[in-house]
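To start, the structure under review is shown below, and the notes come after it.
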Amino acid sequence: KTLKEEQVLLCIDENKLNEEVCYEDGDNCDRYYPHVYGLKNNDVVIAVLPFIKDENGNYIKNRELAHIEDR
């Protein structure tokens with residue numbers, strides 16, 4: 001039996017972040033997603049959203065993020 005790991009999206013205020021934001025295409029799908037490595041200061045988190053996937057396991061953009069342009 002495979003343990004399914006729940007994932008969430010952390011919405012952060014980059015102006016408060018002590019680390020650099022790296023935009024990476026980890027799945028080679030020509031879409032770059034922000035990643036932050038290392039320790040984060042907790043006051044940067046402004047929202048926690050579910051990581052929504054379709055039946056094929058592809059990410060579905062959250063309603064709350066509709067105003068943000070895809071890169």
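I need every pair where a residue in segment 34-63 that is in contact (Cβ under 8 Å) with a residue 24 or more places away in the chain has its Cβ under 9 Å from the Cβ of a residue that is among the aromatic types (Phe, Trp, Tyr) and open to solvent by less than 70 Å² (accessible area, probe 1.4 Å), sequence separation at least 6 or different chains.
Between residues of segment 34-63 that are in contact (Cβ under 8 Å) with a residue 24 or more places away in the chain and residues that are among the aromatic types (Phe, Trp, Tyr) and open to solvent by less than 70 Å² (accessible area, probe 1.4 Å), the close pairs are 51/59; 62/51.
In segment 5-29, what count of residues is obtained for those that are closer than 19 Å to residue 64 by Cβ, hydrophobic (A, V, I, L, M, F, W, C) and in a loop (DSSP other than H, G, I, E, B)?
Final tally of qualifying residues: 0.
Name the residue, out of 20, 55, 64, that is open to solvent by 100 Å² or more (accessible area, probe 1.4 Å) and in contact with a strand residue (DSSP E or B) (Cβ under 9 Å, 6 or more places away or on another chain).
20
Pairs needed: first member in segment 9-33, more than 26 Å from residue 43 (Cβ to Cβ); second member anywhere, surrounded by 10 or more Cβ atoms within 10 Å (Cβ to Cβ) and aromatic (Phe, Trp, Tyr); C-beta distance under 6 Å; at least 6 residues apart or different chains.
What qualifies is 25/32.
Yes/no matrix, rows are residues, columns are (1) under 18 Å from residue 63 (Cα atoms); (2) surrounded by 10 or more Cβ atoms within 10 Å (Cβ to Cβ); (3) more than 15 Å from the chain's Cα centre (by Cα):
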{"residue": "6", "(1), (2), (3)": "no, no, no"}
{"residue": "11", "(1), (2), (3)": "yes, yes, no"}
{"residue": "27", "(1), (2), (3)": "no, yes, no"}
{"residue": "32", "(1), (2), (3)": "no, yes, no"}
{"residue": "35", "(1), (2), (3)": "no, yes, no"}
{"residue": "41", "(1), (2), (3)": "no, yes, yes"}
{"residue": "47", "(1), (2), (3)": "yes, yes, no"}
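The values are calculated or read from the model by the stated rules, or taken from the named source; none is laboratory data. These numbers come from a predicted model, not from an experiment. We place every Cβ from the backbone using ideal geometry, glycine too, and count neighbours over all the protein chains shown. Accessible surface areas use protein heavy atoms only, side chains included; no ligands, DNA or RNA. Shrake-Rupley method; radii C 1.70, N 1.55, O 1.52, S 1.80 Å.
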